[in-house]
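The values are calculated or read from the model by the stated rules, or taken from the named source; none is laboratory data. Just so it is clear, the structure is predicted and the values come from calculations on it, not from any experiment. FYI the Cβ positions are ideal-geometry reconstructions off the backbone, even for glycines, and counts take in every protein chain you see. Side chains included, ligands, DNA and RNA excluded: accessible areas come from the protein's heavy atoms. Shrake-Rupley method; radii C 1.70, N 1.55, O 1.52, S 1.80 Å.
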Amino acid sequence: EAGVTQFPSHSVIEKGQTVTLRCDPISGHDNLYWYRRVMGKEIKFLLHFVKESKQDESGMPNNRFLAERTGGTYSTLKVQPAELEDSGVYFCASRQRSPGTGDNEQFFGPGTRLTVL
Amino acid sequence: SQQGEEDPQALSIQEGENATMNCSYKTSINNLQWYRQNSGRGLVHLILIRSNEREKHSGRLRVTLDTSKKSSSLLITASRAADTASYFCATKETSGSRLTFGEGTQLTVNP
């Protein structure tokens, strides 16, 4: 079974440009998460999709970030316009639906390393 | 201090020795998960321990959870050079399903 995949693996852009990151979750996983790690700090939650709906987007830093999951399959995270402080590694994770309160594993992708110059 | 703080920040040991990493957290949790990240790679899920569990084993890994002290430990026995990586604990609170990560422990196992 394929794991979570992310594209691209690396992206280098100029400040003010737009970048779109893609995540393909494990097939059949309703739950999809975006996290990021900036400046060597801890990994922080950005948002959570259940199928195509945003369940929790409280971690999104500002309105320059837009996440979508049309059709409830893959997700994209767009940063527009990118700023220097957006540099970091963006991780996607997926999780199977669980009967309880999300009490099962999240499986992470390899991440996209974003560098904004 | 942050939810899910790991201790120590860095650990260097010889192959064959045991490595112990600790994690402390602040809120009530539903479960705690440990992940490994090899340099430049993604996060690999190692083990999940639920709040009603005290100890769990998986191969050379042993995880304990003390909810009264809000702490967890990850023990890697008979370490190998391939265990060299960053190790993160992540907590899932009782509400929502987001994970809250600590800053990680960098483990170096010298051959």
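Test B:R62 against the criterion of being out of contact with any helix residue (DSSP H, G or I) (no Cβ under 8 Å at 6 or more places or on another chain), assigned to a strand (DSSP E or B) and open to solvent by 70 Å² or more (accessible area, probe 1.4 Å), and give yes or no. Spell out the reasoning first.
On the way: out of contact with any helix residue (DSSP H, G or I) (no Cβ under 8 Å at 6 or more places or on another chain): yes; assigned to a strand (DSSP E or B): yes; open to solvent by 70 Å² or more (accessible area, probe 1.4 Å): yes.
Taking the combined requirement at face value, the residue satisfies it.
Residue by residue through the range B:73-97, note down the ones that are more than 24 Å from B:S39 (Cα to Cα) and either modelled with pLDDT of 95 or more or charged (D, E, K, R) (or both).
Restricting attention to the range B:73-97, the residues satisfying the condition of being more than 24 Å from B:S39 (Cα to Cα) are B:92-97.
Selection gives B:K92, B:E93.
If you go through the range A:21-72 one residue at a time, how many are part of a loop (DSSP other than H, G, I, E, B) and among the β-branched types (V, I, T)? Break it down stepwise before answering.
To start, the set of residues in the range A:21-72 that are part of a loop (DSSP other than H, G, I, E, B) comprises A:25-30, A:38-43, A:51-52, A:57-64, A:69.
After this cut, where a residue has to be among the β-branched types (V, I, T) as well, the list is A:26, A:38, A:43.
Count: 3.
Does at least one position in the range B:79-86 carry a residue that is within 16 Å of A:A93 (Cβ to Cβ), within 14 Å of another protein chain (Cβ to nearest Cβ) and open to solvent by less than 50 Å² (accessible area, probe 1.4 Å)? Give the steps one after another, and end with the answer.
If we filter the range B:79-86 for residues that are within 16 Å of A:A93 (Cβ to Cβ), which is where we start, we get none.
For the range B:79-86, residues within 16 Å of A:A93 (Cβ to Cβ), within 14 Å of another protein chain (Cβ to nearest Cβ) and open to solvent by less than 50 Å² (accessible area, probe 1.4 Å): absent.
Does the range A:88-98 contain any residue that is of a type in the set (G, A, S), within 11 Å of chain B (Cβ to nearest Cβ) and closer than 21 Å to A:P8 by Cβ? It would help to see each step written out before you state the result.
Taking the range A:88-98 and keeping what is of a type in the set (G, A, S), we get A:88, A:93-94, A:98.
Next, from what is left, pick out any that are within 11 Å of chain B (Cβ to nearest Cβ): A:93, A:98.
If we keep only those that are closer than 21 Å to A:P8 by Cβ too, we end up with A:93.
Looking for residues that are of a type in the set (G, A, S), within 11 Å of chain B (Cβ to nearest Cβ) and closer than 21 Å to A:P8 by Cβ, one finds at least one in the range A:88-98, hence yes.
If you take the residues of the range A:55-94 that are modelled with pLDDT under 95 and more than 23 Å from A:V38 (Cα to Cα), which of them is least open to solvent (accessible area, probe 1.4 Å)?
Looking at the filtered set, the residue picked out is A:G72.
Answer yes if at least one residue in the range A:99-112 is in a strand (DSSP E or B), under 14 Å from the mean Cα position of the chain (by Cα), away from chain B (no Cβ under 11 Å) and not acidic (D, E), and no otherwise. It would help to see each step written out before you state the result.
The initial filter retains those residues of the range A:99-112 that are in a strand (DSSP E or B), namely A:107-108, A:112.
Filter once more, so that each one left must be under 14 Å from the mean Cα position of the chain (by Cα): A:107-108, A:112.
After this cut, where a residue has to be away from chain B (no Cβ under 11 Å) as well, the list is none.
No; the residues of the range A:99-112 include none that is in a strand (DSSP E or B), under 14 Å from the mean Cα position of the chain (by Cα), away from chain B (no Cβ under 11 Å) and not acidic (D, E).
Across the range A:25-51, what is the total count of residues that are more than 12 Å from chain B (Cβ to nearest Cβ), at negative phi and open to solvent by 50 Å² or more (accessible area, probe 1.4 Å)?
Total meeting the criteria: 1.
Are there any pairs with C-beta distances below 6 angstrom linking a residue in the range A:1-22 that is open to solvent by less than 90 Å² (accessible area, probe 1.4 Å) to a residue that is of a type in the set (D, E, K, R), with the two at least 6 apart or on different chains, and if so which?
Pairs found: A:T5/A:D24; A:T20/A:K78.
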